[in-house]
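Asks: There's a structure below that I have some questions on.
The values are calculated or read from the model by the stated rules, or taken from the named source; none is laboratory data. On a predicted model such as this, the values are computed, not experimentally measured, just so you know. For neighbour counting, all protein chains shown are included, and Cβ atoms are generated from backbone atoms with ideal geometry for every residue, glycine included.
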Amino acid sequence: EAFNPGSSVKDRIALSMIEKAEQDGILKPGATIVEATSGNTGIGLSWVGAAKGYKVVIVMPETMSVERRKIIQAYGAELVLTPGSEGMKGAIAKAQEIAAERDGFLPLQFNNPANPEVHERTTGAEILAAFGSDGLDAFVGGVGTGGTISGVSHALKVANSNIQVYAVEADESAILSG
């Protein structure tokens with residue numbers, strides 16, 4: 001994933017969510033993309049938006065790294081910071097407010113089916129191809145939105161129903177354990 005334009009697995013979902021919205025006629029030329037993120041999806045959406053000519057507004061808690069902020073802005077996206085005490089819920093609420101004000105498109109990475117679908121179609125297939133006939137006994141994946149682990153694990157389970165899948169989450173960003 002380090003070879004992706006934004007150096008992250010989130011580049012896949014950024015491109016996939018935007019292309020799906022374009023195909024469905026939801027996202028039209030000149031539109032504004034607005035998304036709440038802790039950073040990496042925002043970086044992906046920023047470069048995809050720049051490449052495709054969209055305005056991009058990224059909303060994130062002020063506690064996120066300065067490096068992520070600078071990369072997002074380097075791609076030309078507008079960055080809106082929300083109080084760190086409000087966490088991602090505050091960023092999501094602000095993104096919804098901005099999207100309503102500007103008639104923007106919200107990719108909604110946490111609920112967008114294009115997120116796990118791209119990982120099933122690409123990441124999972126690439127992992128299977130890399131292991132070839134040697135097979136794969138287990139997969140360990142980080143959990144952010146849940147898209148990578150769910151999409152990859154589905155592809156792997158189709159190929160080998162006995163594979164063990166382990167989800168790992170950060171204490172500060174607990175999705176599974178709340």
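Asks: Looking at the structure I just gave you, is V165 at pLDDT 95 or above, farther than 12 Å from S16 by Cβ and surrounded by 13 or more Cβ atoms within 10 Å (Cβ to Cβ)? Quick ask: steps written out before the conclusion?
Replies: Numbers: at pLDDT 95 or above: yes; farther than 12 Å from S16 by Cβ: yes; surrounded by 13 or more Cβ atoms within 10 Å (Cβ to Cβ): yes.
Yes.
Asks: Determine whether A114 is more than 30 Å from A31 (Cα to Cα), touching a helix residue (DSSP H, G or I) at 6+ places or on another chain (Cβ under 7 Å) and at pLDDT below 95. Walk me through how you get there before you give the answer.
Replies: Details: more than 30 Å from A31 (Cα to Cα): no; touching a helix residue (DSSP H, G or I) at 6+ places or on another chain (Cβ under 7 Å): yes; at pLDDT below 95: yes.
Considered against the rule, which asks whether it is more than 30 Å from A31 (Cα to Cα), touching a helix residue (DSSP H, G or I) at 6+ places or on another chain (Cβ under 7 Å) and at pLDDT below 95, A114 comes out as no.
Asks: Another question, if that's okay. If N112 passes every condition in (1) in contact with a strand residue (DSSP E or B) (Cβ under 8 Å, 6 or more places away or on another chain); (2) closer than 19 Å to D11 by Cβ; (3) of a type outside the set (A, V, I, L, M, F, W, C) but one, which one does it miss?
Replies: (1)
Asks: Just the residues that are under 18 Å from the mean Cα position of the chain (by Cα) and at pLDDT 95 or above, please, taken from the stretch 54-66. Write out each step before concluding.
Replies: First, the residues of the stretch 54-66 that are under 18 Å from the mean Cα position of the chain (by Cα): 54-61, 64-65.
Listed by number, the residues that qualify are Y54, K55, V56, V57, I58, V59, M60, P61.
Asks: Turning to a different aspect of this structure: Could you give every pair whose Cβ atoms fall below 7 Å, whose first residue belongs to the stretch 6-23 and is farther than 19 Å from L106 by Cβ, and whose second residue is surrounded by fewer than 19 Cβ atoms within 10 Å (Cβ to Cβ) and acidic (D, E), counting only separations of at least 6 or pairs across chains?
Replies: Here the result reads S8/E1; V9/E1, each pair linking the stretch 6-23 to a residue that is surrounded by fewer than 19 Cβ atoms within 10 Å (Cβ to Cβ) and acidic (D, E).
Asks: Do we find that E62 is touching a helix residue (DSSP H, G or I) at 6+ places or on another chain (Cβ under 6 Å) and more than 24 Å from V9 (Cβ to Cβ) in this structure? Talk me through it step by step, then tell me what you get.
Replies: Values: touching a helix residue (DSSP H, G or I) at 6+ places or on another chain (Cβ under 6 Å): yes; more than 24 Å from V9 (Cβ to Cβ): yes.
For E62, the condition - touching a helix residue (DSSP H, G or I) at 6+ places or on another chain (Cβ under 6 Å) and more than 24 Å from V9 (Cβ to Cβ) - is met.
Asks: Examine the stretch 128-146 for a residue that is part of a helix (DSSP H, G or I), within 18 Å of the chain's Cα centre (by Cα), surrounded by 17 or more Cβ atoms within 10 Å (Cβ to Cβ) and not polar (S, T, N, Q), and state whether such a residue exists. I'd like the intermediate steps shown before the answer.
Replies: If we filter the stretch 128-146 for residues that are part of a helix (DSSP H, G or I), which is where we start, we get 128-134.
Then drop every residue that is not within 18 Å of the chain's Cα centre (by Cα), which leaves none.
No - not one qualifying residue is present in the stretch 128-146.
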